[in-house]
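Working notes, structure below.
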Amino acid sequence: MRAFLFLASLLFFLHTQAQQNNVTVKASYDPDAIAELYDRIPLGLEFRYENGQVHKTEGYLRGSYRWRNIKINSSNGSVQNGYLLINRSQLANQHYTVELTITLPDAPSPVTTKLTLPHLESIRFNHYADSLKKGIRYYLNVEGTFTSGKIYPLDTSAVKFVSSAGTLLGQDLLLNSNDATTRAITVTAVNKRDSTMSISSTIPVKRLLDQ
């Protein structure tokens, strides 16, 4: 009888362990970390076991699973202490999806999951002034709409400019104060990572009363 009870207990323990070891994982990123622009993104992992237990990683998910107990291989960049460090140029070629292969101490084999990151969907001009004054720098304000639905200003690391007149100084446009012929300037902003994404705007030159 004792042998039977021992065998039953052993089988129950092994069955419980097998359930514990069957795990699925879901990856996410901190939505407040501006993953649309920055290349260092707080990462979160949620582990669901077959027996119903759920464990989350420390960091932005505020779980108890320590990053030092997890080994992660990433198809893009690397994961360091709860942060995903990405190569944004490579990310475009991967359709903005990162595959993570995760090894856990309580799982018999590595598990994989995918994480899709937000990317630029369109760009637009949002001018601060409706006309340009000669001899005064005019800031070219460009905004990007991302697949996350968020809108952020873009700088010259993301877009390049071409103008029909004047001089481009970084993200400023300057028309010489002695210019007496230019009545309007057409400016085009082009996404540096996708030249098919561009936007143009024609900016009138402010005329003085005696001109």
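The values are calculated or read from the model by the stated rules, or taken from the named source; none is laboratory data. Here the structure is a predicted model, which is why all the values come from computation and not from measurement. No Cβ is skipped: glycine too gets one built from the backbone with ideal geometry, and neighbour counts run over all protein chains shown.
Only one entry in Leu140, Leu175, Leu132 is under 33 Å from the mean Cα position of the chain (by Cα), of a type in the set (A, V, I, L, M, F, W, C) and not assigned by TED's automatic domain parsing to the domain that holds Pro31, namely Leu140. Among all positions in the range 34-43, there is at least one residue which is more than 30 Å from Ser198 (Cα to Cα) and touching a strand residue (DSSP E or B) at 6+ places or on another chain (Cβ under 8 Å). Within the range 165-211, restricting attention to residues that are touching a residue at least 60 places away in the same chain (Cβ under 8 Å) and of a type in the set (Lys, Arg), the residue that is farthest from Ile123 (Cα to Cα) is Lys206. Among strands (runs of 3 or more DSSP E) entirely within the range 117-182, having at least 2 residues that are among the charged types (D, E, K, R) singles out 120-125. Screening Asn178 with (1) over 21 Å from His119 (Cβ atoms); (2) modelled with pLDDT of 95 or more; (3) of a type outside the set (Ser, Thr, Tyr) gives one miss only, at (2).
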